[in-house]
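A.B. asks: Let me give you the structure first, and then I'll get to my questions.
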Amino acid sequence: MKAVTTLAGIGAFTRRKLVVLGQLARFFMQLLMRCGVIFQRPRLTVQQVHFIGNYSLIIIAVSGLFVGFVLGLQGYYTLNRYGSEEALGLLVALSLTRELGPVVTALLFAGRAGTSLTAEIGLMKAGEQLSAMEVMAVDPIRRVLAPRFLGGVIAMPILAAVFSMVGIIGGWVVGVLLIGIDSGAFWSQMQNGVDVFNDVLNGVIKSVVFGVAVTLIALFEGWQCKPTPEGVSRATTRTVVAGSLVVLGLDFVLTALMFSN
Amino acid sequence: MTASTDSSATSNSTATSPVLEFDNVTLGYGDFTVLSGLSLTAKAGEVVAVMGGSGSGKTTLMRAATGQIGVMDGELKTFGQSMRHLGRAELQALRQRMGVLFQHGALFTDLDVFENVAFPLREHTRLDEGEVALKVLQNLEAVGLKAAAHLKLSEVSGGMARRVALARAIVREPELVFYDEPFAGLDPISMGIAARLIRRLSDKLGCASVVITHDVPETFEIADTVYIVGQGELKASGSPDTLTESDDPYVRQFLEGAPDGPVAFDYPQTPAFERWCRDKGVEP
């Protein structure tokens, strides 16, 4: 009897998750169908790129700097064992452009801008603002959600680029200024070893995919949340948890696809 | 129905075709019926008041008329068009002819006072900036808030926010306007001005106004027809004069605010409550 109850519980749980997945897919389609708003009313999207980018710029830049510092130190300790300290620039640049730039930026984005988006949409729902738009014959998905979605998708690769750039400067500060690695070797190894398409472009593709995933989850959670303080609070928590896990999962899949032989 | 229904309710309206028509409509959410057997009409130029106690289904009625919820039974027509089986485009077209003042204002918190009122104009018209500014300031002036146009929403009081919402509801000069509790939170002066504004708009623009409220004196001053709902049905309807003279105990208790009478103070039992009681192991 207990086994049957457990099985029924697992079935109910799976069914609930599948329903949410279906709702998410439908919501994604609704958003995609309204992305034409970027051409019809570009100002709305530009405002959101500015707004969402500003939310996260400081935390992204500071995090990038410290990640660069740590990469510089750790990279030096390891490369020093093999007498290859000159390759520090290459190690820092590849680590940042391929992996850490897109992934850490997406995780920070989920915690900073993602939660803001969820809370904003959730509170708009609680304050009847979205219902008011519908009654005014204004489609809230097109007017409110689509510009935010596009804003997040556009802002993410820009923020990832800022993260990687500041991180490389951090690695240079530690490696060249503090440890004393040759500056020419640091930059020339990087220039020779980093491929624009295989490394930089794949990193950009990753950050765009993460941008879609995190912004979609943030907006979906806000759109679906219970219009109460508790509902909004739970939705913002779910945004961070689901957003972060999806980023890590997608990163594994994308890495396997992009960098396998 | 226990109502004394006055079919010969007088109206100042000159128009004949109803802009809004409920014909024996039943409304509710899920398996819970809020109102049943509701019949109501609002014609162009007419101010119709829907009155009733808290939780009597007044706002549900507005939600059905604006297409936010469907009708469970009966026929609901807006601008002569049935609200059943409406496509999204048709519904949006109908909504463009309506204005709604929400119970809690529903103003956009990321916009200032001016932009809130300008919102429907920017979304649905191609007016240039000067024309938008002129119209918005005219409407803000009508509610006494022209000089508050530049303020953020966080800088205005609750009563002022309701007046901003009122200006936004009427800025496009709609043919049918719903006012959900337009007098709530207003001081006596603002209340009088808001009431006269609603009457004046209906007279001047020829729009049908549906005022959902429980403020008796202001409403009776401006309404052509008053519908009183309660206990899940339409209790009475007629002109303010007719209702004032009515002997119906429900009408009398409502108008006089008497504590004793047929109006039940208790919230009605629902199937959801009965299920909850069963789960708890208690008698409903």
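No value in this document is a laboratory result; all are computed from the given coordinates. What you see is a predicted model, and the numbers here were worked out from it, not measured in a lab. All Cβ positions, glycine included, derive from the backbone under ideal geometry; neighbour counts span all protein chains shown.
A.B. asks: Sorted by mean Cβ packing within 10 Å, highest first, what order do the peptides B:189-200, B:166-177, A:100-111 take?
C.D. replies: Going by the mean number of other Cβ atoms within 10 Å, highest first, we get A:100-111, B:166-177, B:189-200.
A.B. asks: Okay, moving on. Only loop residues by DSSP count here, and only those with at most 10 other Cβ atoms within 10 Å; note down the chymotrypsin sites (Phe, Trp or Tyr not before Pro) in segment B:225-284 that meet that.
C.D. replies: B:PHE265
A.B. asks: To continue, here is another question. For segment B:31-70, just the Cα atoms, rotate onto the principal axes and tell me the three extents in Å, largest first.
C.D. replies: 36, 23, 17 Å, listed from the longest principal axis down.
A.B. asks: Between A:SER84 and A:VAL46, what's the calculated FRET efficiency when r is the beta-carbon distance and R0 is 51 Å? Round to 0.05.
C.D. replies: 0.65
A.B. asks: Same structure, new question: So what is the relative contact order of chain A, in percent, for Cα pairs below 8 Å that sit 6 or more residues apart?
C.D. replies: About 32 percent, as a whole number.
A.B. asks: Ranked highest first by the average count of other Cβ atoms within 10 Å around their residues, in what order do A:200-209, A:165-174, A:50-59 fall?
C.D. replies: Most protected by this proxy first, the peptides run A:165-174, A:200-209, A:50-59.
A.B. asks: Continuing with this model, one more query. Between segment A:199-261 and segment A:40-63, what's the alpha-carbon centroid distance in Å?
C.D. replies: 17 Å
A.B. asks: Would you mind giving the mean number of other chain beta-carbons within 10 Å of the Cβ of each residue in A:134-143, as a whole number?
C.D. replies: 6
A.B. asks: Using Cα-Cα distances under 8 Å and only pairs 6 or more residues apart, what relative contact order does segment B:210-281 have, in percent?
C.D. replies: 18 percent
A.B. asks: Continuing with this model, one more query. Taking a temperature of 25 °C and a viscosity of 0.890 mPa s, what whole-number D in µm²/s does Stokes-Einstein yield for chain B with Rh from Kirkwood over alpha carbon pairs?
C.D. replies: Estimated via Stokes-Einstein, D reaches 124 µm²/s.
A.B. asks: Grab the Cα-Cα distance for A:ILE169 and A:VAL19, subtract it from 0.36 nm times how many residues apart they are, and report the gain in nm with one decimal.
C.D. replies: Answer, rounded to one decimal: 49.4 nm.
A.B. asks: While we're on this one: Determine Rg/Rh for segment A:136-261; Rg is computed over alpha-carbon atoms and Rh is the Kirkwood hydrodynamic estimate from the same atoms.
C.D. replies: Rg/Rh for segment A:136-261 comes to 1.12.
A.B. asks: Another question about this same structure. Relative contact order for segment A:1-118: what is it in percent, counting Cα pairs under 8 Å that are at least 6 residues apart?
C.D. replies: It rounds to 24 percent for segment A:1-118.
A.B. asks: At 222 nm, what helix-only mean residue ellipticity would chain A give, in deg cm²/dmol to the nearest 500, using -39500 (n - 2.57) for each DSSP H run of four or more?
C.D. replies: -26500 deg cm²/dmol
A.B. asks: Another question, then. Once you've got the GNM for chain A with C-alpha springs shorter than 10 Å, pick whichever of A:PHE210, A:PHE13, A:PHE66 has the biggest mean-square fluctuation.
C.D. replies: Top of the fluctuation ranking is A:PHE13.
A.B. asks: Need the full-extension length gain, A:PHE28 to A:THR237, defined as separation in residues times 0.36 nm minus the C-alpha distance. One decimal, nm.
C.D. replies: 73.2 nm
A.B. asks: Identify which of B:VAL156, B:VAL117, B:VAL229 has the largest mean-square fluctuation in a Gaussian network model of chain B, with springs joining Cα atoms closer than 10 Å.
C.D. replies: B:VAL156
A.B. asks: Taking neighbour Cβ counts within 10 Å as the exposure measure, how do B:PHE119, A:PHE149 sort from fewest upward?
C.D. replies: In increasing order of surrounding Cβ atoms, one gets B:PHE119, A:PHE149.
A.B. asks: What dipole magnitude, in Debye to the nearest 20, does segment A:58-138 give about its Cα centre under +1 on Lys/Arg Cβ and -1 on Asp/Glu Cβ?
C.D. replies: Computed charge dipole of segment A:58-138: roughly 160 debye.
A.B. asks: As I understand it, the value is the acute angle between the Cα axis of helix B:113-124 and the longest principal axis of the Cα atoms of chain B; what does it come to in degrees, rounded to 10?
C.D. replies: With rounding to tens, the tilt is 90 degrees.
A.B. asks: Further question: Along the three principal axes, how long is segment A:83-205 when you take its alpha carbons, biggest first, rounded to the nearest angstrom?
C.D. replies: 69, 28, 15
A.B. asks: Using a 10 Å cut-off around each Cβ of peptide B:109-120, what is the average number of partner chain Cβ atoms that fall inside?
C.D. replies: So the per-residue partner count for this stretch is 2.
A.B. asks: Follow-up question, since we're still on this one. How far, in nm, would the chain grow between A:LEU177 and A:ILE205 when pulled straight, counting 0.36 nm per residue and subtracting the alpha carbon separation?
C.D. replies: Full extension of this stretch gives 6.8 nm more.
A.B. asks: Could you calculate, for segment B:173-217, the ratio of the Cα radius of gyration to the Kirkwood radius, expressed as Rg to Rh?
C.D. replies: Rg/Rh for segment B:173-217 comes to 0.96.
A.B. asks: OK, next. For every other residue with a beta carbon closer than 10 angstrom to the beta carbon of B:MET51, add +1 if it is Lys or Arg and -1 if Asp or Glu, then tell me the sum.
C.D. replies: Its environment carries a net charge of +1.
A.B. asks: Would you mind counting up the charge near A:GLU99? Only other residues with Cβ under 9 Å from its Cβ, with Lys and Arg at +1 and Asp and Glu at -1.
C.D. replies: Once all neighbours under 9 Å are counted, the net charge is +1.
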